[in-house]
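Here's the structure, in structure tokens; my notes come after.
Taken together, the values in this text are just the output of simple stated rules run on the coordinates, not laboratory data. Keep in mind that this is a model prediction, so the values were computed, not measured. Positions of Cβ are backbone-derived with ideal geometry, glycine not excepted, and every protein chain shown enters the neighbour counts.
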Amino acid sequence: SMIEVVPFCQNLIDEMSLDNSTKKIVLVEKNQLATGYWDAKLLRQILGNLLSNALKYSPLHSEIILELERQGDRALFHIQDCGIGIPPEDGDRLFEVFYRAGNVGTIPGTGLGLSIVQKAIELQGGAIAFSSEVGVGTTFSVSLPLRSR
Ligand code: ATP
Ligand code: MG
């Protein structure tokens, strides 16, 4: 269905911020990205899981950025945090069910979120990539065709 991207993202951020007053999520529009045609439940799973990871794996009082960008006939969503980062040796397996990186310590998790994200992106003809530096932060980038259904 037709999704107005900015209000959709802002609603999700507001909702997620209710139980996270110590970390801030900021919405940034790189250029005009008005609407897309996606499954709203799947988009919610994608952005919700990536934002919840960004919150969970970053220190108190740090800022998370959700940046929106239109690139031709695709929408890009960049989720950037200043958290613990992902060790290079764990990168290949991150989207596997139950897989967690070696540096999560006592931070709780099941290792399911990213496998759901990957499936939801796949179902809509999109792609996901990330870049990360341990101790510095991580950026996940999701690319979705503006019209997937
Ligand atoms: P859950 O099933 O509750 O989401 P999880 O967060 O451990 O548990 P995933 O969301 O699938 O599982 O993420 C898999 C692993 O990827 C995490 O355990 C963590 O090691 C790593 N990871 C994901 N996002 C980040 C991030 N933003 N910063 C650092 N590590 C991350
Ligand atoms: Mg997770």
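Values computed for the structure shown
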item	result
Sequence-distant residues sharing a close amide H with GLY83 (under 5 Å, placed H)	GLY137, THR138
Unit Cα scatterers, Debye sum, segment 64-127: log10 I(q)/I(0) for q = 0.14, 0.24 Å⁻¹	-0.53, -1.20
Estimated inter-spin distance, LEU123 and ALA40, nm [label 7 Å along Cα→Cβ]	1.5 nm
Ordering of 117-124, 45-52, 20-27 by burial proxy (mean other Cβ atoms within 10 Å per residue, highest first)	45-52, 117-124, 20-27
Contour minus Cα-Cα distance for ILE107 and ASN11 (0.36 nm per residue)	31.9 nm
On Cα atoms only, tilt of 113-122 relative to the major axis of the chain in degrees	30 degrees
Expected 222 nm ellipticity per residue - DSSP helices of 4 or more, -39500 (n - 2.57), all of the chain, to 500	-9000 deg cm²/dmol
Rg/Rh (Cα only; Kirkwood hydrodynamic radius) as it applies to the chain	0.94
Cα centre as origin, Lys/Arg/Asp/Glu Cβ charges: segment 22-62 dipole, Debye	160 debye
Per-peptide average of other Cβ atoms within 10 Å, ordering 126-136, 34-44 highest first	34-44, 126-136
Student exercise, the chain dipole from Lys, Arg, Asp, Glu Cβ charges, in Debye to nearest 20	280 debye
Which of SER58, SER17 has the fewest Cβ neighbours within 10 Å, and the rest in rising order	SER17, SER58
Förster-model FRET efficiency, 30 Å R0, PHE98 and LYS24, C-beta, rounded to 0.05	0.50
